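Worksheet for the structure shown next.
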Amino acid sequence: MGGTPVWAQATASPTPKPIAPTGAGPTTLPRSTAERQEIRAQLMPRRYTTIAAEIGAKISAITVQEGSSFQRGQTLVSFDCSLQQSQLQKALAEQDAADQTLKSNLRLEELNSVGQLELDLSRSASAKAKAEVGGNRVVLSKCSIAAPFSGRVAEQKAREQQYVQAGQPLLDIIDDSVLELEFLVPSMWMSWLKVGGAFQVQIDETRKTYPAKFIRIGARVDPVSQSVKVAAAISGRFPELMAGMSGKVLVSPPAGQ
């Protein structure tokens, strides 16, 4: 029964060497990559928000679809505001009538032919009509929604010709110009971890590593887990990366730490 026992062969197997960080581009990982400390992270957009209706109206057009890109200031959603437009026209007519009455009373005042109360009431009516016009203009300004930043549509929650109420969600949008990571690291790393420090992250979906840098360090240490939250950003633009992908952070403490 000669030969080396199976358990001895496994013990004698050489330990795979960890992959050293490379330059600014992604690196394809072989399947034999050695495991480092397991720190998981998920890619998140730089900014994200839900676009909601500010008035109750019927959607006349949605200019973007799920996954499509848009630029800051671009109209994303527009509403049928024919009723609001007619209300503005009515308010303008009432303002014109009130202004004419005030103008007439001011001329009569010069001739001492109008009472002070009547003059004050005409001033109030003119101011009220002006305020009504302003309110209707504000409502009309909400008949279209412009993009607050450049990005992409993550989810469409409403459809054209659908009547929506004020506050109803319409679109989830994200700014994926910079993809960020948030994760926990041991609090002992605070002695050497600095904002701007470079490292790499291995993304599960692409099986590649990407360069990243720390951009924020949490303000407190969790006393139970003895960890601190940090944030990082992918360095550069890689079209294959998408918000929601996850992977493993490849960070090794400096020698002696």
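Taking into account only those residues within segment 228-254 that are out of contact with any Ser or Thr (no Cβ under 7 Å at 6 or more places or on another chain) and charged (D, E, K, R), which is surrounded by the fewest Cβ atoms within 10 Å (Cβ to Cβ)?
This residue is Arg237.
For Gly167, only one of the following conditions fails: (1) touching a Leu at 6+ places or on another chain (Cβ under 7 Å); (2) not in a strand (DSSP E or B). What is its number?
All conditions are met except number (1).
Identify the residue in segment 93-125 that is without any contact (Cβ under 8 Å) to a residue 24 or more places away in the chain and of a type in the set (A, V, I, L, M) and, among all such residues, is nearest to Ala57 (Cα to Cα).
Checked segment 93-125; the qualifying residue nearest to Ala57 (Cα to Cα) is Ala93.
Is there any pair with a first residue in segment 228-253 that is part of a strand (DSSP E or B) and a second that is among the charged types (D, E, K, R) and buried (at least 16 other Cβ atoms within 10 Å of the Cβ) whose Cβ atoms are under 7 Å apart and which are 6 or more apart or on different chains, and what are they?
Sorted first by the residue in segment 228-253, then by its partner, the pairs are Ala231/Glu180; Ala232/Glu180; Ala233/Glu180.
Going through Lys90, Lys128 one at a time, which residue ends up being free of Cβ contacts under 8 Å to residues at least 24 places away in the same chain, part of a helix (DSSP H, G or I), of a type outside the set (Val, Ile, Thr) and farther than 30 Å from Ala232 by Cα? Before you say what the answer is, go through the steps one by one.
Details: Lys128 fails: free of Cβ contacts under 8 Å to residues at least 24 places away in the same chain.
So the residue among Lys90, Lys128 that is free of Cβ contacts under 8 Å to residues at least 24 places away in the same chain, part of a helix (DSSP H, G or I), of a type outside the set (Val, Ile, Thr) and farther than 30 Å from Ala232 by Cα is Lys90.
Any residue in segment 160-173 that is in contact (Cβ under 8 Å) with a residue 24 or more places away in the chain, in contact with a Gly (Cβ under 6 Å, 6 or more places away or on another chain) and within 30 Å of Ile217 (Cβ to Cβ)?
yes
Read-outs: derived from the displayed coordinates by stated rules, not from any lab. Model, not experiment: these values are computed from the prediction. Cβ sites come from the backbone with ideal geometry, for glycine too, and all protein chains shown count toward neighbours.
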